[in-house]
1. Tell me whether segment 223-234 contains one or more residues that are assigned by TED's automatic domain parsing to the domain that holds residue 171, among the charged types (D, E, K, R) and surrounded by 21 or more Cβ atoms within 10 Å (Cβ to Cβ).
2. Restricting to segment 239-252, name every residue that is of a type in the set (D, E, K, R), touching a helix residue (DSSP H, G or I) at 6+ places or on another chain (Cβ under 9 Å) and surrounded by fewer than 23 Cβ atoms within 10 Å (Cβ to Cβ).
3. Could you check segment 177-202 and list, in sequence order, the residues that are touching a Ser or Thr at 6+ places or on another chain (Cβ under 7 Å) and either in a loop (DSSP other than H, G, I, E, B) or farther than 26 Å from residue 105 by Cα (or both)?
4. Within segment 405-434, how many residues are buried (at least 16 other Cβ atoms within 10 Å of the Cβ), in contact with a Ser or Thr (Cβ under 6 Å, 6 or more places away or on another chain) and not hydrophobic (A, V, I, L, M, F, W, C)?
5. Just to check your reading of the model, which residue among 112, 82 is assigned by TED's automatic domain parsing to the domain that holds residue 320, touching a helix residue (DSSP H, G or I) at 6+ places or on another chain (Cβ under 8 Å) and surrounded by fewer than 18 Cβ atoms within 10 Å (Cβ to Cβ)?
6. Checking residue 358 against (1) farther than 30 Å from residue 118 by Cα; (2) assigned to a loop (DSSP other than H, G, I, E, B), only one condition comes out false. Which one?
7. Just for segment 129-159: of the residues that are crowded, with 24+ Cβ neighbours inside 10 Å and assigned to a loop (DSSP other than H, G, I, E, B), which one is farthest from the chain's Cα centre (by Cα)?
8. For segment 253-273, name all the residues that are among the aliphatic types (A, V, I, L, M), touching a strand residue (DSSP E or B) at 6+ places or on another chain (Cβ under 6 Å) and either more than 17 Å from residue 228 (Cα to Cα) or free of Cβ contacts under 8 Å to residues at least 12 places away in the same chain (or both).
Amino acid sequence: MNDIKVGLIGFGNIGAGVVKLLQENADLIRGKVGTGIVLKRIADLDITTDRGVTVPPECLTTDVNAIFNDPEISVVIELVGGYEPAKTFVLKAIENGKHIVTANKALLALHGEEIYAAAARKNVEVQFEASVGGGIPVLSAIKGNMAANRFGSVIGIMNGTCNYILTRMTQEGADFSDVLAAAQELGYAEPDPTFDIEGVDTAHKLAILASLCFGTRIDFKDIHTEGISRISGLDVKFAADFGYRIKLLAIGKHSNGQVEARVHPTMIPLHNPLADVNGVFNAIRLTGDFVGPVMFYGRGAGQNPTASAIAGDLIGLSRSMMAGAGRRMSPLGYLDGEIKTLSVKPMDDITSKYMLRFSVKDRPGVLASIAGALGTNGISIESMVQTAHQEDDAAPVPIVIKTHEAREGSVQAALKEIDSFEFICEKTVFIRIEDNLE
């Protein structure tokens with residue numbers, strides 16, 4: 001069979017990694033596929049900057065239509081990122097009968113349903129292993145070797161920037177702002193880190209994972225999303241005092257016909273393997289009814305890991321084409337008619353333990369008032385830490401309470417009441433605790 005011709009849209013850092021991999025491992029890939037995978041066209045607005053890889057000049061173009069209109073190109077890799085023009089490019093490539101490989105988690109989280117439907121009409125595939133976990137092969141495992149399982153949960157650390165920041169805050173006692181600045185200098189964080197530190201990037205990935213695991217389409221706007229920008233060194237210290245580490249977790253659970261889908265800072269016990277996932281590494285833990293708990297660990301981003309995942313998708317598509325197959329499976333791994341409509345559990349109805357950090361004026365009766373408001377709302381106290389009396393009577397002091405399991409709506413109602421008390425110096429910080437991550 002002739003070489004499989006590929007078009008690449010977006011020649012940035014990841015695109016350069018794909019070119020490098022396909023060039024350096026060309027013989028290996030040919031030996032595994034039975035034919036070559038060749039980049040015929042690379043489209044980008046900038047085709048003059050040196051990317052550190054050698055590409056024939058005739059391969060480069062600023063006209064993306066040169067890819068869409070080339071009948072020899074059977075697969076298009078989209079690495080533009082974001083929503084537009086990526087969505088337009090992907091839909092046009094599909095309309096022209098080309099398979100899609102993408103790393104664009106934001107695009108799929110918001111517009112996946114439209115893209116998957118277009119692919120079904122044209123009998124082409126959409127592959128997106130690189131969209132979640134970089135080089136970690138979690139999506140192919142869900143759709144492949146673990147496909148016979150009903151999944152009860154998918155829980156993970158899915159953003160290397162946040163994990164790097166929280167790791168240094170934990171290990172060094174550093175402040176959030178200082179570590180964020182260091183992460184930006186090292187290239188772990190973008191100049192505008194909002195999507196990372198506010199949990200949006202993680203929520204995009206959870207939308208994809210939960211859809212694959214639970215056979216439903218999760219609307220991104222239904223995912224409760226919080227980031228780590230409000231976490232202080234004081235919170236990290238008190239979490240450690242209680243025997244926990246703080247991680248930004250994506251939590252997806254399926255039970256009783258409902259799905260939990262939430263992203264937020266979470267205290268997890270020191271003995272849990274996720275507590276030891278540090279630095280820029282990611283980890284994703286799946287629980288299947290037959291396989292039990294399985295954890296995937298590795299670099300969740302970066303040029304080489306992401307290029308590895310993209311090339312893996314290319315190889316899978318090439319094998320299908322070599323066998324004369326068209327659309328071998330739907331993007332979510334289910335037959336199109338088997339995708340269920342499941343409701344997302346309201347955040348007020350989830351239950352958890354909580355660490356509550358109150359900043360208060362040091363005076364008699366404060367603790368009694370806080371405990372009373374918690375009790376009125378059905379929240380019981382498991383343990384408490386109160387710092388010693390301050391020499392400066394005007395200086396606020398922290399009171400930190402760990403609750404028993406409580407309903408989120410009740411906790412929010414109690415905190416609204418407590419934060420209105422005259423002795424409260426600043427808005428109460430609360431962090432959810434997950435003792436059981438099954």
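1. Within segment 223-234, not a single residue is assigned by TED's automatic domain parsing to the domain that holds residue 171, among the charged types (D, E, K, R) and surrounded by 21 or more Cβ atoms within 10 Å (Cβ to Cβ).
2. 245
3. Matches in segment 177-202: 188, 189, 193, 198, 199.
4. The qualifying residues number 3.
5. Details: 112 fails: surrounded by fewer than 18 Cβ atoms within 10 Å (Cβ to Cβ).
Only one candidate qualifies: 82.
6. The one condition residue 358 does not meet is (2).
7. 136
8. 259, 261
The values are calculated or read from the model by the stated rules, or taken from the named source; none is laboratory data. Here the structure is a predicted model, which is why all the values come from computation and not from measurement. Backbone-built Cβ (ideal geometry, glycine too); neighbour counts: all protein chains shown.
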